[in-house]
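Chemist: One structure follows; several queries about it will come next.
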Amino acid sequence: GENVEQHPSTLSVQEGDSAVIKCTYSDSASNYFPWYKQELGKGPQLIIDIRSNVGEKKDQRIAVTLNKTAKHFSLHITETQPEDSAVYFCAADNNNNDMRFGAGTRLTVKP
Amino acid sequence: KAGVTQTPRYLIKTRGQQVTLSCSPISGHRSVSWYQQTPGQGLQFLFEYFSETQRNKGNFPGRFSGRQFSNSRSEMNVSTLELGDSALYLCASSTGLSGLQETQYFGPGTRLLVL
């Protein structure tokens, strides 16, 4: 089955700096890669996703890149703000509606 | 459009009891997936229901079961609770169209504590 690894597990940045979170996956059939943000006491919320026919996608301060050959994808947050502090999860889906998640990255943005 | 709702939000049970959690998907969504979230194991897939049928299942024991009703609302049941079942149980809904990976929208979760 699919195995998703996520790094780092914790990340601390200064407000205004960029943050990068990386994930690798094992199942070459995976072709949908969403990123979720989870704040304390809430369920995960989708922040951006990318499909395998695209190498990069951007939405304001958030971007995701995908390298299918290397089986890794990354989340980039620029100009970080304190409200970006949360736990971020990457996931991979191989079209079986059986989404596998990374272990999560706790991002702290210091004002 | 209302989001995914889950009830109850918090629950305390004792070992050996059973529990039923409820999830109402976004209107028009026919697929409901359930996940268990714990600090040690992260987010783990339990099962997915579509049109009242279990379509996919994760690696959990038979004590974990679910069902889906004709209005797409779903329930999951855990029997003979163990301490290790303490977790945040999340459900997520999507339209469930086959052959297409879709965004899953999560509810706020039900936090279950087993004493």
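The numbers here are math on the coordinates, done by the rules we state, and not lab data. Because the structure is a prediction, the values reported are computed rather than measured. Glycine gets a Cβ as well: all are built from the backbone with ideal geometry, and neighbour counts include every protein chain shown.
Chemist: Residues in region B:41-56: is at least one small (Gly, Ala, Ser), part of a loop (DSSP other than H, G, I, E, B) and within 24 Å of residue A:44 (Cβ to Cβ)? Show your work before the answer.
Modeler: If we filter region B:41-56 for residues that are small (Gly, Ala, Ser), which is where we start, we get B:42, B:51.
Next cut, part of a loop (DSSP other than H, G, I, E, B) only: B:51.
Restricting the remaining residues to those that are within 24 Å of residue A:44 (Cβ to Cβ) gives none.
Scanning region B:41-56, I find no residue that is small (Gly, Ala, Ser), part of a loop (DSSP other than H, G, I, E, B) and within 24 Å of residue A:44 (Cβ to Cβ), so the answer is no.
Chemist: Could I ask something else about it? Please go through region B:16-40 and pick out each residue that is among the aliphatic types (A, V, I, L, M) and either assigned to a loop (DSSP other than H, G, I, E, B) or out of contact with any strand residue (DSSP E or B) (no Cβ under 7 Å at 6 or more places or on another chain) (or both).
Modeler: Step one: list which residues in region B:16-40 are among the aliphatic types (A, V, I, L, M), which gives B:19, B:21, B:26, B:32.
If the condition is that a residue be among the aliphatic types (A, V, I, L, M) and either assigned to a loop (DSSP other than H, G, I, E, B) or out of contact with any strand residue (DSSP E or B) (no Cβ under 7 Å at 6 or more places or on another chain) (or both), then B:26 is the only one that fits.
Chemist: Can you name the residue in region A:68-99 that is assigned to a loop (DSSP other than H, G, I, E, B) and either closer than 20 Å to residue B:33 by Cα or within 14 Å of chain B (Cβ to nearest Cβ) (or both) and is also nearest to the chain's Cα centre (by Cα) among such residues? Even if it seems obvious, please write down each step before you answer.
Modeler: Keep residues of region A:68-99 that are assigned to a loop (DSSP other than H, G, I, E, B), which gives A:68-71, A:78-81, A:85, A:94-99.
Checking the rest, the ones that are also either closer than 20 Å to residue B:33 by Cα or within 14 Å of chain B (Cβ to nearest Cβ) (or both) come to A:94-99.
Details: A:94: 17, A:95: 18, A:96: 20, A:97: 18, A:98: 17, A:99: 14 Å.
Filtering first and then ranking leaves A:99.
Chemist: How about region B:39-52: which of its residues are more than 11 Å from chain A (Cβ to nearest Cβ) and in contact (Cβ under 8 Å) with a residue 40 or more places away in the chain? Talk me through it step by step, then tell me what you get.
Modeler: Filtering region B:39-52 for residues more than 11 Å from chain A (Cβ to nearest Cβ) gives B:51-52.
Residue satisfying the conditions is B:51 alone.
Chemist: Give the residue that is farthest from the other protein chains (Cβ to nearest Cβ), with candidates limited to residues of region A:100-111 that are surrounded by fewer than 23 Cβ atoms within 10 Å (Cβ to Cβ) and not in a strand (DSSP E or B).
Modeler: A:111
Chemist: Return a yes/no flag: does region B:53-64 have any residue that is within 9 Å of another protein chain (Cβ to nearest Cβ), surrounded by 13 or more Cβ atoms within 10 Å (Cβ to Cβ), of a type in the set (Gly, Ala, Ser) and without any contact (Cβ under 8 Å) to a residue 40 or more places away in the chain.
Modeler: Residues of region B:53-64 within 9 Å of another protein chain (Cβ to nearest Cβ): B:55-59.
From what is left, the residues that are surrounded by 13 or more Cβ atoms within 10 Å (Cβ to Cβ) are B:55-58.
Right, trim to of a type in the set (Gly, Ala, Ser) and you get B:58.
With without any contact (Cβ under 8 Å) to a residue 40 or more places away in the chain added as a condition, the list becomes B:58.
The answer is yes; a qualifying residue exists.
Chemist: Looking at (1) over 27 Å from residue B:47 (Cα atoms); (2) within 14 Å of chain B (Cβ to nearest Cβ), find the lone condition where residue A:46 falls short.
Modeler: Residue A:46 satisfies all of (1) over 27 Å from residue B:47 (Cα atoms); (2) within 14 Å of chain B (Cβ to nearest Cβ) except (1).
Chemist: Only one residue in B:54, B:68, B:36, B:44 is touching a Leu at 6+ places or on another chain (Cβ under 7 Å) and either polar (S, T, N, Q) or under 15 Å from residue B:6 (Cα atoms) (or both). Which one?
Modeler: Working: B:54 fails: touching a Leu at 6+ places or on another chain (Cβ under 7 Å); B:68 fails: touching a Leu at 6+ places or on another chain (Cβ under 7 Å); B:44 fails: touching a Leu at 6+ places or on another chain (Cβ under 7 Å).
On inspection, the qualifying residue turns out to be B:36.
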